[in-house]
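Have a look at the structure below before the remarks.
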Amino acid sequence: MEKKLNYKTNLRTVKLMVFDVDGVLSDGHVFLDADGEMMRNTHVRDSLAIKIALKSGLKVAVISAGTSQKVKERMHYLGIQDVFMGVYHKFEVLEKYCSSKQIDLKNVLYMGDDLPDYECMTNVGVATCPHNAVVEIRSISDYISHIDGGKGCVRDVIEQTLRVQGFWPNMTENPRIIF
């Protein structure tokens, strides 16, 4: 897929944002509780930005190799209905999902951080990654956030996209964001 030189130009046409979990929405660390349940750390700024994106009409989906029911519950709590867990061939799921929603891959922003995200990122309109993504992912990204995974990088790309599209809340005009 041919990329434009300025990724911000492509942000204007984004209709769907897809995020990986481990290393993107979370910082990549997995903690085990007393029962052996894997727990992840996420950032509330990412959560708020996701809610604003959904309220603005953007579609948001999650594709992860992880299988945590708690992660799925968290994503649903944030309003993300399209959560695909336990996925090792992510591009197959992305392609099928986009086809079912009639969304062209050129109108997709994908944020990933590691090798399982590679194929998705080379086939979408805007490929993005956190600052601490692996070198192979950084090398194919249209935009590398200055923020690490799980620390607000999702907020970074959502805010940029919504600002370009004119949907980021203007707090000086309306200081109340109602969800």
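List every residue pair whose Cβ atoms sit under 7 Å apart, with the two residues 6 or more apart in sequence or on different chains, where the first one lies in region 18-45 and is under 18 Å from CYS129 (Cβ atoms) and the second, anywhere, is aromatic (Phe, Trp, Tyr) and outside any helix (DSSP H, G or I).
What qualifies is VAL18/TYR110; LEU25/PHE19.
Assuming GLU136 fulfils every condition listed in (1) crowded, with 24+ Cβ neighbours inside 10 Å; (2) farther than 15 Å from VAL21 by Cα apart from one, which condition is it?
Just one mismatch for GLU136, condition (1).
Could you identify the single residue in LYS72, LYS59, LYS55, LYS51 that is free of Cβ contacts under 8 Å to residues at least 40 places away in the same chain and basic (Lys, Arg)?
LYS72
Among the residues of region 139-156, write down those that are surrounded by 19 or more Cβ atoms within 10 Å (Cβ to Cβ) and without any contact (Cβ under 8 Å) to a residue 60 or more places away in the chain.
SER141, SER145, ILE147, ASP156
Given the options SER100, SER68, name the one that is modelled with pLDDT of 95 or more and out of contact with any Lys or Arg (no Cβ under 6 Å at 6 or more places or on another chain).
It is SER100.
Report yes if ARG155 is within 13 Å of the chain's Cα centre (by Cα) and modelled with pLDDT of 95 or more, otherwise no.
yes
Can you tell me which residues in region 87-100 are of a type outside the set (Val, Ile, Thr) and under 16 Å from PHE19 (Cβ atoms)?
Within region 87-100, the first condition is being of a type outside the set (Val, Ile, Thr), and the residues that meet it are 88-92, 94-100.
Scanning region 87-100 gives LYS90, PHE91, LEU94, TYR97, CYS98.
The values are calculated or read from the model by the stated rules, or taken from the named source; none is laboratory data. Because the structure is a prediction, the values reported are computed rather than measured. We place every Cβ from the backbone using ideal geometry, glycine too, and count neighbours over all the protein chains shown.
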